[in-house]
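Colleague: Please see the structure below; I have some questions.
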């Protein structure tokens, strides 16, 4: 079947297609008149997911953004939010609502608040606008004013519920961290007491640098014995710096006496410089002889102090270990105490992480029923139904209406087509006469 045959069939069966089309469109138009109108009010919130938390300073990771948004949309349609709206509206005490609840199948539960909250949740829809952090809350109702009021109440109840849940979670976590902080404090006190008892027993005291007093004293003695480094080098070589300079001056004087003579000014200047260096060399020798025994005493005292430090090494290590334990437990306690303070502050915070972008307003036109869509859908359905019925009727009673139909019927090519010039009325009249003659002939033969 080609496209021409198809349209020829549709044209012949138009008296089937057209009624089906008109019946569906008429029925849809009548049904639309009886459908209840529904109005939708919409309010919007901004999710402050990119703003740091005012207490912790943390910013939400983008990986948790989808889960966070999905959680918020579920909370909007949850019983905790819709139940607050029911309480705000006072529906649970309305006689009409009580009578409707008693007549419903949920009357056996006795929970009218949950039954009314479910009605609000069923008409509530929340979603995030694509590509933004704007959360849209919508509520549909038969009254535009009621839709506006309930949409705003849902937004307010949701914000209040979010704040209450945030505070409750923070308070619960704060209580747990308080217990941990108290346990850390008791552990810290025990560590401090153990360190104090051992210090009293051993007599070892650690300084601010982390070393004990004996070790610090040993370092001072070693430093004091190592200070006169130049005299030590001079003693090792047999001469001090002034004595070395004096020897050099003597050599210069001998050369000047040979070359210049005793009355030359340069020779006399060298003589005066030698007198000064001679006095300095004498003082140096006396100082070296006096410092020799003192340095030996320092070395002896340092050796005795070193032996004392080595003897107390085990006790010193024990005190240092106790001190490290105290430092660790103090750090644990400080962290737990800081976390408790942060959670207590968060439990008293008024920040929900969301802000109102726009309030709902009473819609002027209903969003349901959508008359153009319903009428258009009915028209398409009626047209399709009519075409389907027409094709079915044609298949059940196939007729030859063209040369193409004849070729399909006899499975042979058509060699020619003779077009009758007689009118349709004449052909019908001739056909009736032929049938009448056949009927008379048949009756005569029977007689």
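Bear in mind that the values in this text are calculations on the coordinates, not laboratory data. A quick note: this is a predicted structure, and the numbers were derived from the prediction, not measured. Neighbour counts run over all protein chains shown; Cβ positions are idealised from the backbone, glycine included.
Colleague: Points 7 angstrom from Cα along the Cβ direction at residue 285 and residue 328: gap in nanometres?
Modeller: 6.5
Colleague: Multiply the residue gap between residue 98 and residue 49 by 0.36 nm, knock off their C-alpha separation, and tell me the result in nm, one decimal place.
Modeller: Working it through step by step, the gained length comes to 13.5 nm.
Colleague: Could you put 124, 109 in order, starting from the residue whose Cβ has the fewest other Cβ atoms within 10 Å?
Modeller: So the residues, fewest neighbours to most, are 109, 124.
Colleague: Sort the following peptides by mean Cβ neighbour count (other Cβ atoms within 10 Å, averaged over residues), highest first: 67-75, 140-148, 347-355.
Modeller: Values: 67-75: 13.6, 140-148: 17.7, 347-355: 15.1.
Answer by packing, highest mean first, reads 140-148, 347-355, 67-75.
Colleague: For region 321-359 and region 22-50, what is the centre-to-centre distance using only Cα atoms, to the nearest Å?
Modeller: Value for the Cα centre distance between the two parts: 49 Å.
Colleague: While we're looking at this one, here's another question. Could you work out how far apart the two model spin labels at residue 192 and residue 314 are, taking each label as a point 7 Å from the Cα in the direction of the beta carbon, and quote it in nm?
Modeller: 3.0
Colleague: Apply the a/c threshold of 1.5 to the C-alpha gyration tensor of region 85-178 and tell me whether it is rounded, prolate or oblate.
Modeller: Cα axes put region 85-178 in the oblate bin.
Colleague: Would you mind getting me the FRET efficiency between residue 106 and residue 321? Use the beta-carbon distance for r and R0 = 60 Å, nearest 0.05.
Modeller: Values: r = 69 Å, r/R0 = 1.15.
Once rounded, the FRET efficiency stands at 0.30.
Colleague: Which ordering of 15, 115 is given by a fewest-first count of other beta-carbon atoms within 10 Å?
Modeller: 15, 115
Colleague: Let me ask something else. Which residues among region 349-381 fall inside the zone where the amide N is under 14 Å from a point 7 Å beyond the Cα of residue 146, along Cα→Cβ?
Modeller: Within reach of a label on residue 146: no residues.
Colleague: Label residue 132 and residue 169 with points 7 Å out from Cα along Cα→Cβ: what is the distance between them in nm?
Modeller: For residue 132 paired with residue 169, the spin-label model returns 2.5 nm.
Colleague: Please arrange 81, 49, 365 by counting, for each residue, the other beta carbons lying within 10 Å of its beta carbon, fewest first.
Modeller: On the way: 81 27, 49 16, 365 8.
Ranking 81, 49, 365 by Cβ neighbours within 10 Å, fewest first, gives 365, 49, 81.
Colleague: Further question: Mind giving me the FRET efficiency for residue 160 and residue 33? R0 is 51 Å, r the Cβ-Cβ distance, nearest 0.05 is fine.
Modeller: The calculated FRET efficiency here is 0.75.
Colleague: Once a ≥ b ≥ c are taken as the square roots of the eigenvalues of the Cα gyration tensor of region 336-396, is the result rounded (a/c under 1.5), prolate (a/b larger than b/c) or oblate (a/b not larger than b/c)? Please list the in-between numbers first.
Modeller: Values: a/c = 12.13, a/b = 3.22, b/c = 3.76.
Here region 336-396 falls in the oblate category.
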